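Have a look at the structure below, then the notes.
The values are calculated or read from the model by the stated rules, or taken from the named source; none is laboratory data. Only a predicted model underlies this, so the values are computations on that prediction, with no experimental measurement involved. Neighbour counts are summed over all protein chains in view; Cβ atoms, including those assigned to glycine, are modelled from backbone coordinates with ideal geometry.
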């Protein structure tokens, strides 16, 4: 059965129903599942697990690469399965449970999770559930549309359940580059020297005796939810293209820039789309998620190579790309997120990292995660992995939200994910602030003059000037520093109209 | 003249007075000077520059490795020489000028400065002033008690002034390992595989034609100002030793731990001293500054090798060490701070990083730099370089300051240098909180129960419980979050007695 997909005959006997496989998951286990930015997640087993838990309650610690699609986090939350969840999520039902204190969420740099597992600093993975397109004759795992943490989960877990997803094309085989850093104290350099360096194997090498169940599934990845560019995101892209042009003119970048990383989501995708009509050529990406814009750039002849950890596409782009996947395959690689996001490689290659801010402050500190300092949105994801070691750490956001009730530029951020030390460039649709080499008071000037929405500029100026009058390297008036956020919580607006 | 110190004859003609050398520094220049943690700074020329500026005002941008000794930052500040200063300082006069907004201070990760210079993201160094013990027959520079940023400053500057310091023993020659990463996009891995790997040259290779002046000086480094261990620092050390013992018992560390890094200062030094009477053996250090404790550990037979970027010793320890330096030399190396603090190497080796916090909050965010969110103390230094990529990121502090008027554990830190994502272990004299794998609400419990001074515990509990009642992943009450700091500013105490 499915001999093109399960090529080690001895494993044929392991094929079972999703319900039976879910039965192998016991209360209290730590389970590592595939899935990164809604791509390549195990689908049938977590769904069956949620169904089972409705009858027989159980709770687990669930680790993934990053976010799951197909409403799986919602189903698992509603069934009460999640005691602990790491390192990232994007589901509104789960988010509410996290903010209610019902699910313990551990928000981690995406490059960190398997390092902590390998060092036994967090609880070990008892069981891994990994979506694959095939199992090789050696019993090794050929992953699907994401690598994420799947390879390390499968290697470190005592038992592995494989979901063979027939909706994932076999052409994906050969796309992956699975490399696991050697153990300390004899770890060697990670030998990625360029975006296109391949350093590992095409499949995850595990002992096939660990495979305790194989489930056949046929459910596609959820399509990406990014919105098309609008006037504001186009303006952000235009400011950034102008900035890059100037960097080229000044001799700090060449016309092929440096390897690009773009965070998940509408704004970062739109910024990458903005490069389609730019003068830059022979671009490369060393990123975590490859979105529609990656393929737009290939089609426009702008992009030479893209390295990522997953592919998350809209339905339309997915159909286009997979109608002739071999057109792109030789210019793509998917890596473990530990490698796509590894500080060593990011610093070596000199990445241009473009990530989305929830809000940033006068001095360039960035909040990526917490609404009013308290409520989790999604998680820090890979933004910290990239920003800290990037050649250019760029954060983008629209200057206002909720029709102007919220300014994305505030006196003091209510939560810090990226400190001023790690932020080079801030961009809103209003303009771009280049913070490199500036002291805090100079940064504030650049940010107020370039990034703030006009309706908040006077108020921010007033705060800054009053704070400067009181002195300090990073002038603040503590009694007023979080006032805009308190106002928002209490009145629904940061400032009275 | 000084032919053992100036071995290239053609350079003999460059010997000049400090005043003449200082005359080569022009108004508006960017000057890179040697000096890291008060070790190996250029001494005669900056002093002469300050004297000259009293007559003929001028202003420069001054970059160093880190802090300078011999009151040089004080002299330069008082003479009005400093327009801009980076990346670190510890001088009270300069600190006041920074906090008054008179000197623009750019507080940077210590591994970052020369990366930004090399990429021309900050203004180039016009002139470098570098303390050396000798100039080789090739005209290359043999540095003294620190490497810091000296090698890159000398390589990147158009002109170089060398201070030959006769008080620095020639035995220092051979101690340094000067390695400069290759330029992107063809940069190679940094081949440090262990603390003792040597990858570079003993001297800084520059074209001797760039040497425009040589000044003979004879002034020693300032002695270190660390205080001896007291009951509180001993308690912190004891908690940490107990923690390490448990890590060994659990099989997460061996009896030689992992390479150790300790920040500058009394508490970190005391913690390292605490290892003298511990059961651990064959220790190694991969740190930035080597303090008295490093040599105490050598003398106790505990330490195999120490890698740093500088040596900063008390007067007594300095006399001991240099009375028989060859006893230690083969077990020491000094590297550029870009390499001692490099994220790539720190992650590869799996450093145990021990740094001092000014304050930390309920959720494990750490403030290393800003009093009440506004006034700069010293700078972030290397703490961020280490904490982000360490095997264990440990922050230590006494639980209270100013006789109890200040709690080092607060509801929300007034400034964030290290986010909760990057902080594993917090230690005060009260106890140790192990935050690994914990969600924010669990961290708060661990911190309140283990680290807070009893006189603040009830108030912190009250804040936390009230915040939890309002909900959120990281519960906060924004109107009260910085109240303790406002109280401190207004009344001199965080809470009324």
Original post:
Considering only residues of the stretch A:205-261 that are within 22 Å of the chain's Cα centre (by Cα) and assigned to a strand (DSSP E or B), which is nearest to residue A:342 (Cα to Cα)?
Top reply: A:261
**OP:** Go over the candidates B:423, B:427 one by one and state the one that is in the same structural domain as residue B:287 (by the TED database), touching a strand residue (DSSP E or B) at 6+ places or on another chain (Cβ under 6 Å), more than 19 Å from residue A:109 (Cα to Cα) and at pLDDT 95 or above.
**Re:** B:427
**OP:** Would you mention how many residues in the stretch B:278-309 are assigned to a helix (DSSP H, G or I) and without any contact (Cβ under 8 Å) to a residue 40 or more places away in the chain?
**Re:** 7
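Touching a strand residue (DSSP E or B) at 6+ places or on another chain (Cβ under 8 Å) and buried (at least 20 other Cβ atoms within 10 Å of the Cβ): is that true of residue B:114 in this structure?
Against the criterion (touching a strand residue (DSSP E or B) at 6+ places or on another chain (Cβ under 8 Å) and buried (at least 20 other Cβ atoms within 10 Å of the Cβ)), residue B:114 qualifies.
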Subject >> helices (runs of 4 or more DSSP H) (entirely within the stretch A:1-105) containing at least 1 residues that are modelled with pLDDT of 95 or more and under 19 Å from residue A:151 (Cα atoms) >> reply: A:44-55
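In contact with a helix residue (DSSP H, G or I) (Cβ under 7 Å, 6 or more places away or on another chain), within 14 Å of chain B (Cβ to nearest Cβ) and touching a residue at least 60 places away in the same chain (Cβ under 8 Å): does that describe residue A:215?
Working: in contact with a helix residue (DSSP H, G or I) (Cβ under 7 Å, 6 or more places away or on another chain): yes; within 14 Å of chain B (Cβ to nearest Cβ): no; touching a residue at least 60 places away in the same chain (Cβ under 8 Å): yes.
For residue A:215, the condition - in contact with a helix residue (DSSP H, G or I) (Cβ under 7 Å, 6 or more places away or on another chain), within 14 Å of chain B (Cβ to nearest Cβ) and touching a residue at least 60 places away in the same chain (Cβ under 8 Å) - is not met.
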Original post:
Can you tell me which residues in the stretch B:434-466 are closer than 22 Å to residue A:85 by Cα, without any contact (Cβ under 8 Å) to a residue 40 or more places away in the chain and either in contact with a helix residue (DSSP H, G or I) (Cβ under 9 Å, 6 or more places away or on another chain) or facing chain A (nearest Cβ under 9 Å) (or both)?
Top reply: B:436, B:437, B:438, B:439, B:441, B:442, B:445
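Yes or no, residue by residue, for (1) touching a residue at least 60 places away in the same chain (Cβ under 8 Å); (2) within 23 Å of residue B:93 (Cβ to Cβ); (3) in contact with a strand residue (DSSP E or B) (Cβ under 7 Å, 6 or more places away or on another chain):
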| position | (1), (2), (3) |
| --- | --- |
| B:5 | yes, no, yes |
| B:46 | yes, yes, yes |
| B:54 | no, yes, no |
| B:78 | no, yes, no |
Original post:
What about residue B:275, is it crowded, with 22+ Cβ neighbours inside 10 Å, more than 15 Å from the chain's Cα centre (by Cα) and in a loop (DSSP other than H, G, I, E, B)?
Top reply: yes
Original post:
How many of the residues making up the stretch B:245-264 are away from chain A (no Cβ under 14 Å) and surrounded by fewer than 22 Cβ atoms within 10 Å (Cβ to Cβ)?
Top reply: 1
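Taking the stretch B:394-416 as the search range and keeping residues that are part of a loop (DSSP other than H, G, I, E, B) and away from chain A (no Cβ under 14 Å), which one is farthest from residue A:366 (Cα to Cα)?
Initial filter on the stretch B:394-416 (part of a loop (DSSP other than H, G, I, E, B)): B:397-399, B:405, B:408, B:411-416.
Keeping just the survivors that are away from chain A (no Cβ under 14 Å) gives B:397-399, B:405, B:408.
Values: B:397: 26, B:398: 29, B:399: 28, B:405: 31, B:408: 24 Å.
Within the stretch B:394-416, the match that is farthest from residue A:366 (Cα to Cα) is B:405.
If we only count helices (runs of 4 or more DSSP H) wholly inside the stretch B:316-393, which ones have 1 or more residues that are crowded, with 23+ Cβ neighbours inside 10 Å and more than 9 Å from chain A (Cβ to nearest Cβ)?
Details: elements: B:326-329, B:337-340, B:343-349, B:383-389.
The helices (runs of 4 or more DSSP H) meeting that bar are B:337-340, B:383-389.
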Subject >> Residues located in the stretch B:206-230, provided they are at pLDDT 95 or above and over 22 Å from residue B:35 (Cα atoms) >> reply: B:209
**OP:** Using the structure shown, decide if residue A:275 is closer than 19 Å to residue A:308 by Cβ and within 14 Å of another protein chain (Cβ to nearest Cβ).
**Re:** no
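Looking only at residues in the stretch A:95-106 that are farther than 16 Å from residue A:30 by Cα and at the interface with chain B (Cβ under 7 Å from one of its Cβ atoms), which one is nearest to the chain's Cα centre (by Cα)? Spell out the reasoning first.
Kept after step one, since they are farther than 16 Å from residue A:30 by Cα, are these residues of the stretch A:95-106: A:95-102.
Filter once more, so that each one left must be at the interface with chain B (Cβ under 7 Å from one of its Cβ atoms): A:98-101.
Values: A:98: 19, A:99: 20, A:100: 24, A:101: 23 Å.
It comes out as A:98.
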